[in-house]
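Have a look at the structure below, then the notes.
The values are calculated or read from the model by the stated rules, or taken from the named source; none is laboratory data. Quantities reported herein were computed from a predicted structural model and do not represent experimental measurements. Cβ placement follows ideal geometry from the backbone for every residue including glycine, while neighbour counts extend to all protein chains displayed. Areas reflect the complete protein model, heavy atoms only, side chains present, ligands, DNA and RNA absent. Shrake-Rupley method; radii C 1.70, N 1.55, O 1.52, S 1.80 Å.
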4 protein chains.
Amino acid sequence: MTRSPASAKGLSPERAAFIKAALESQGCMQLLGAEVDEVSAGRCVLSLRARPQLMQHNGLFHGGAIAFLIDNTTTAAAGTMTPEGQLVLTAEYKLNLLSRGIGERLVCIAEVVKPGRMLTVVEAKVHAEVGEKSKLIAVALATIANVDR
Amino acid sequence: MTRSPASAKGLSPERAAFIKAALESQGCMQLLGAEVDEVSAGRCVLSLRARPQLMQHNGLFHGGAIAFLIDNTTTAAAGTMTPEGQLVLTAEYKLNLLSRGIGERLVCIAEVVKPGRMLTVVEAKVHAEVGEKSKLIAVALATIANVDR
Amino acid sequence: MTRSPASAKGLSPERAAFIKAALESQGCMQLLGAEVDEVSAGRCVLSLRARPQLMQHNGLFHGGAIAFLIDNTTTAAAGTMTPEGQLVLTAEYKLNLLSRGIGERLVCIAEVVKPGRMLTVVEAKVHAEVGEKSKLIAVALATIANVDR
Amino acid sequence: MTRSPASAKGLSPERAAFIKAALESQGCMQLLGAEVDEVSAGRCVLSLRARPQLMQHNGLFHGGAIAFLIDNTTTAAAGTMTPEGQLVLTAEYKLNLLSRGIGERLVCIAEVVKPGRMLTVVEAKVHAEVGEKSKLIAVALATIANVDR
């Protein structure tokens, strides 16, 4: 994710606030307890603190919680690049789980690889944090469609 | 998912019950309110009833809820084929969202395409149900690793 | 690939012949020696005979040859469902290699899972044939975009 | 691909030469005319010059040629991290085509994201070059399995 063609363009504070509010209003965000850490041009960061309900029977973060972060950050990152009057819908994504999801907090960073008129391609990386340490535990590649409102 | 090489082999009732109990003991299953409908040789079915907390801000099932079902059913389906003494871990999956997730209930059916000594490949399909009607809203392809316990 | 919503609709013989000719005119099809076995509504079948140049250094069909078949069949299958005056472009695909690609011939069958106004989702399966026997060696899931000509 | 955990470890010149020779001995590499530009720890670069046979009927690089580069570079990059006495086999990959493949030359760079005992996850990026200019046209994420020889 070295390249961020999106970051050259601006994102109005109003649009960033709109996307942040849309994320925070999701029942699922509240149910899981996820926080919106950043919404900027071509980029979105969400995080999730460890809680028993987010864990698998063996004490690891559930893959579903990791997928939830990836789904939401990639869609929101694409949404920062979408023309006014269009909505974003996830067409598909693929994720690789790299390491066991052990930690106090998950942080998911999504960055637009290629914005497009119809489709935006977004990469995401999920880190698990324990104290000062951070470990890459998942990577993903998503295709988000722009659709008329 | 016409082929189910797994279904030829048996799955002991004890092992099926063990996998079902492992799924039901997950905090995440309880948090989302998912139900285990079937665990058989090479196959797992989970479902989820619509609730406000599972919805996006526009009233659709959240993609994260769909991913959660896919993650869990594919892993459990692979688990039915795993040799005794081994655990299953999701290596990766890819999902396509086909239609808006509108409905009273989501049903996810995962079937093993190819069991393996190291890796099992599993397909999943998610349907949204409204009354008697059922609509295919997502398809997925997952790779599950067998690891020593 | 049990469902084929596309097959209900017709595909004119002219359009089928146009897609077949477009495939056969590709330099890559000729270079690899691939054959078009079927183009019908929501479906395309291509095959490839074993030749030394298509093999890896260990005598297996090269993964690139398998990917070539998947790329071409999924795009052509989507093309059978596309409105007149639109072109199809592959947005993305994911493939799983299930078994070593040993055989005299590869056959790739692609079927549309969900046609759409903007995006068509297609599944593909690749079999390797030895004499009368056929073995599933790869599965794939592709997203094809409809674009204005 | 900012992170390259692999690059910390060494790759013996003998092993690098072995991997390069294995690539160059593939019939498919010769058939397509691909060149091995780099094999280093956790990294592989291959390139392909434009030729009529590699093109689609509309003059773009064929998606199959792009997939071929991705398949080979990701497998070779994983191979640089594999313990002696083990082989690498591609389990799966997913690629996104970002822009039309127009150019004089394709360059594919694969870098290991996460090496593992059983599975190695690799990212790849494909650029199309025209004169001095280079454009990102595809990204991919691959899972490569280590298997006993």
The residue from C:Val112, C:Val88 that alone is open to solvent by 10 Å² or more (accessible area, probe 1.4 Å) and either in a strand (DSSP E or B) or more than 11 Å from chain D (Cβ to nearest Cβ) (or both) is C:Val88
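Take C:Leu95 and decide whether it is hydrophobic (A, V, I, L, M, F, W, C), over 17 Å from C:Leu23 (Cβ atoms), within 11 Å of another protein chain (Cβ to nearest Cβ) and open to solvent by 10 Å² or more (accessible area, probe 1.4 Å). Steps first, answer last, please.
Working: hydrophobic (A, V, I, L, M, F, W, C): yes; over 17 Å from C:Leu23 (Cβ atoms): yes; within 11 Å of another protein chain (Cβ to nearest Cβ): yes; open to solvent by 10 Å² or more (accessible area, probe 1.4 Å): no.
So C:Leu95 does not fit the description; no.
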**Asked** For segment A:91-98, does any single residue satisfy the condition of being touching a helix residue (DSSP H, G or I) at 6+ places or on another chain (Cβ under 9 Å), over 17 Å from B:Gly64 (Cα atoms) and in a loop (DSSP other than H, G, I, E, B)?
**Response** no
In segment A:8-36, residues that are open to solvent by less than 70 Å² (accessible area, probe 1.4 Å) and either under 27 Å from B:Met29 (Cα atoms) or part of a helix (DSSP H, G or I) (or both) total 17
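Just checking, which of B:Leu60, B:Leu98, B:Leu54 is at pLDDT 90 or above and over 15 Å from the mean Cα position of the chain (by Cα)? Steps first, please.
Details: B:Leu60 fails: at pLDDT 90 or above; B:Leu54 fails: at pLDDT 90 or above.
Result of the check over B:Leu60, B:Leu98, B:Leu54: B:Leu98.
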A:Val107 passes all but one of the listed conditions (1) over 16 Å from D:Ala140 (Cα atoms); (2) open to solvent by 20 Å² or more (accessible area, probe 1.4 Å); the exception is number (2)
(1) in contact (Cβ under 8 Å) with a residue 12 or more places away in the chain; (2) over 17 Å from C:Ala145 (Cα atoms); (3) of a type in the set (S, T, N, Q) all hold for C:Asn58 apart from (1)
Scanning segment A:81-111 for residues that are of a type in the set (Val, Ile, Thr) and in contact with a Lys or Arg (Cβ under 7 Å, 6 or more places away or on another chain) gives A:Ile109
Quick count over segment D:48-79, residues being open to solvent by less than 10 Å² (accessible area, probe 1.4 Å), more than 8 Å from every other protein chain (Cβ to nearest Cβ) and not in a helix (DSSP H, G or I), is 2
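Return a yes/no flag: does segment B:112-132 have any residue that is of a type in the set (S, T, N, Q) and modelled with pLDDT of 95 or more. Spell out how you get there, then give the answer.
Here is the first cut: in segment B:112-132, the ones of a type in the set (S, T, N, Q) are B:120.
Then keep just the ones that are modelled with pLDDT of 95 or more; that gives B:120.
Taking every residue of segment B:112-132 in turn, at least one turns out to be of a type in the set (S, T, N, Q) and modelled with pLDDT of 95 or more.
Please go through segment B:137-149 and give me each residue that is under 17 Å from B:Ala65 (Cα atoms) and within 7 Å of another protein chain (Cβ to nearest Cβ), ordered by number.
Here is the first cut: in segment B:137-149, the ones under 17 Å from B:Ala65 (Cα atoms) are B:137-142.
Selection gives B:Val139, B:Leu141.
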The one condition C:Gly101 fails out of (1) of a type outside the set (Asp, Glu); (2) under 25 Å from C:Val147 (Cα atoms); (3) outside any strand (DSSP E or B); (4) more than 8 Å from every other protein chain (Cβ to nearest Cβ) is (2)
B:Leu119: passes all of (1) open to solvent by 20 Å² or more (accessible area, probe 1.4 Å); (2) farther than 14 Å from B:Ala77 by Cβ but (2)
Hey, does segment C:12-31 have a residue that's more than 7 Å from chain D (Cβ to nearest Cβ), under 22 Å from C:Ala142 (Cα atoms) and among the hydroxyl-bearing types (Ser, Thr, Tyr)? no
